[in-house]
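Enquirer: Encoded as structure tokens, here's the structure I'll be asking about.
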Amino acid sequence: MRLELAVMSGAGNLFVVAPADVLPPSIAAHHAELLCQAAHSLVGRAAEGVLLVEYRRESLGVYFFNPDGSSGMMCGNGARCAALFAARHGWSPPTFELALAGERYRVTLADDGIVAVDFPPPRTIVEHARLELDGTPLDYAYVDVGSDHVVIEQDVLSTFSRGTTDAADFAQLAPRVRAYSAFPRGTNVNLYRVERGVVYLATYERGVERITGACGTGALATAVIAWLRNQCTRPTITVVPPSGEQLSVTIHAEQRKITTLTLSGPADLLGTVVVELPPRA
């Protein structure tokens, strides 16, 4: 099976994208790792997910798969890339609805290339919690925005790691937190710091099993915690991921109760690649 895939970036979060009528979801799940590896020939690294986009009259349908084939979670930057993909195929107006992981989301495409997705309020917020690794306590927060996230402040990591906060510390810690017994299905893990109201964020993504260039739902979850802790006081928060491409999170609230979240940022088509899938046994 020979396929042409679009390679897209959502603020540095990399995806391979195809129409769902060309690449069925069951085949995409089975070959997700191979499909993600196909991006390497164009951009020098593997994609962090597979997106299948389906044109529907009432909304745009999107299927998302991690490189390990897992699915069922929301992908914020993936949704934004899928929206741009649909627009380039003439499937969508500037504002429309997108269905992903059992929910519908309102999407807006601006002329400057910024794509915004509106989210419902988080399903769960735990502002303060604690786990133990090798007898050492680690304070964290937990937020579920359609994909679940542990959020750890950099100062907390410094205390846990006895004064160091370099990337190697987080890269070693994150897989252990991701697989911690309190999270039976695993979790994404975020490390952040706030400087002058700007959130600097690294996310270790479950299903990718590494720190990615950016994570949309991670940006949402972390911005929510920074806002609740009054580390960020404005309703629109700038989030800078490892890619350096900024995301914006707008928190709509009434009397400190979140009603809607908006994730916005750049989405780009980087090019196309061709991949040959082996016949399925």
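Enquirer: Would you list the P(r) distribution for the chain, with all Cα-Cα distances sorted into 10 Å bins from 0 and each bin expressed as a whole %?
Expert: Reading the bins upward from 0: 7, 31, 35, 21, 6, 0.
Enquirer: Further, regarding this structure: Using the basic label-point model (7 angstrom from Cα toward the beta carbon), what is the ARG123 to ALA171 distance in nanometres?
Expert: The modelled label-to-label distance comes out at 3.2 nm.
Enquirer: Summing +1 for each Lys or Arg and -1 for each Asp or Glu, what net charge is found among the other residues whose Cβ lies under 15 Å from the Cβ of VAL43?
Expert: -2
Enquirer: Give the angle, between 0 and 90 degrees and rounded to the nearest 10, that separates the Cα long axis of helix 216-228 from the longest principal axis of the Cα atoms of the chain.
Expert: Value to nearest ten degrees: 30.
Enquirer: Which shape class applies to the range 143-273: rounded if a/c is under 1.5, otherwise prolate when a/b exceeds b/c and oblate if not, where a ≥ b ≥ c are the square roots of the Cα gyration tensor eigenvalues?
Expert: rounded
Enquirer: Please compute the contact order of the chain in relative form: average sequence separation of alpha-carbon pairs under 8 Å and at least six residues apart, divided by the residue count, as a percent.
Expert: Taking the mean separation of contacting Cα pairs over the length of the chain, I get 22 percent.
Enquirer: What net charge is computed for the residues neighbouring ALA214, neighbours being all others with C-beta under 15 Å from the C-beta of ALA214, Lys and Arg scored +1, Asp and Glu -1? Walk me through the numbers on the way to the answer.
Expert: Values: positive: ARG45, ARG80, ARG210; negative: GLU48, GLU205, GLU245, ASP268.
That sum, taken over residues with Cβ under 15 Å, equals -1.
Enquirer: Additional query: Report the net charge of residues surrounding TRP227, where surrounding means a beta-carbon distance below 10 angstrom and charges are Lys +1, Arg +1, Asp -1, Glu -1.
Expert: Here the count lands on +3.
Enquirer: Same structure again: Sort 141-147, 76-82 by packing, meaning the average of other beta carbons within 10 Å per residue, with the highest value first.
Expert: Top to bottom by mean Cβ count within 10 Å: 76-82, 141-147.
Enquirer: Same structure again: Please sort 173-182, 90-99 by packing, taking for each peptide the average over its residues of neighbouring beta carbons within 10 angstrom, highest first. Don't skip to the end; give the middle numbers.
Expert: Details: 173-182: 16.2, 90-99: 14.7.
Answer by packing, highest mean first, reads 173-182, 90-99.
Enquirer: Sticking with this structure for a sec: Using a 10 angstrom cutoff on alpha carbons, build the Gaussian network for the chain and name the most mobile of GLY218, GLY12, GLY244.
Expert: Taking springs between Cα atoms under 10 Å, the residue moving most is GLY244.
Enquirer: Work out how much length VAL22 to TRP91 would gain on full extension: take 0.36 nm times their residue separation and subtract the Cα-Cα distance, in nm to one decimal.
Expert: Gain on extension, VAL22 to TRP91, equals 23.3 nm.
Enquirer: Then there's this: Work out, step by step, the length gained on full extension between THR259 and THR159: first 0.36 nm times the residue separation, then minus their alpha carbon distance; give nm to one decimal.
Expert: Length gained, THR259 through THR159: 32.6 nm.
Enquirer: What is the ratio of the Cα radius of gyration of the range 1-148 to 2.2 N^0.38 Å, where N is its residue count, to two decimals?
Expert: For the range 1-148, the normalised Cα radius of gyration comes out at 1.15.
Enquirer: Calculate, for ARG106 and ASP134, the FRET efficiency according to 1/(1 + (r/R0)^6) with r their C-beta to C-beta distance and R0 41 Å; round to the nearest 0.05.
Expert: Efficiency for this residue pair is about 0.40.
Enquirer: How much length is gained on full extension from ARG234 to LEU270, taking 0.36 nm per residue of separation minus their Cα-Cα distance?
Expert: Between ARG234 and LEU270, full extension yields an extra 9.7 nm.
Enquirer: Still on this structure: Separation of the range 184-201 and the range 1-79 by C-alpha centroid, Å?
Expert: 24
Enquirer: Specify the angular offset, from 0 to 90 degrees and rounded to the nearest 10, of the alpha carbon long axis of helix 167-178 from the longest principal axis of the alpha carbons in the chain.
Expert: Once rounded, the angle reads 80 degrees.
Enquirer: Just how far, in whole angstrom, is the range 222-248 from the range 251-273 if you go by their alpha carbon centroids?
Expert: 11
Enquirer: Right, here's the next one. Which whole-Hz ³J(HN,Hα) couplings does the range 87-96 yield from phi under the Karplus relation 6.51 cos²θ - 1.76 cosθ + 1.60, θ = phi - 60°, glycine and proline marked x?
Expert: 3J(HN,Hα) across the range 87-96, in whole Hz: 4, 5, 8, x, 8, 9, x, x, 10, 7.
We did not get these values from a lab; they are worked out from the coordinates using the rules stated. The model shown is predicted, which means the values in this text are computed figures rather than measured ones. So basically every Cβ, Gly included, is an ideal-geometry build from the backbone, and we count neighbours across all protein chains shown.
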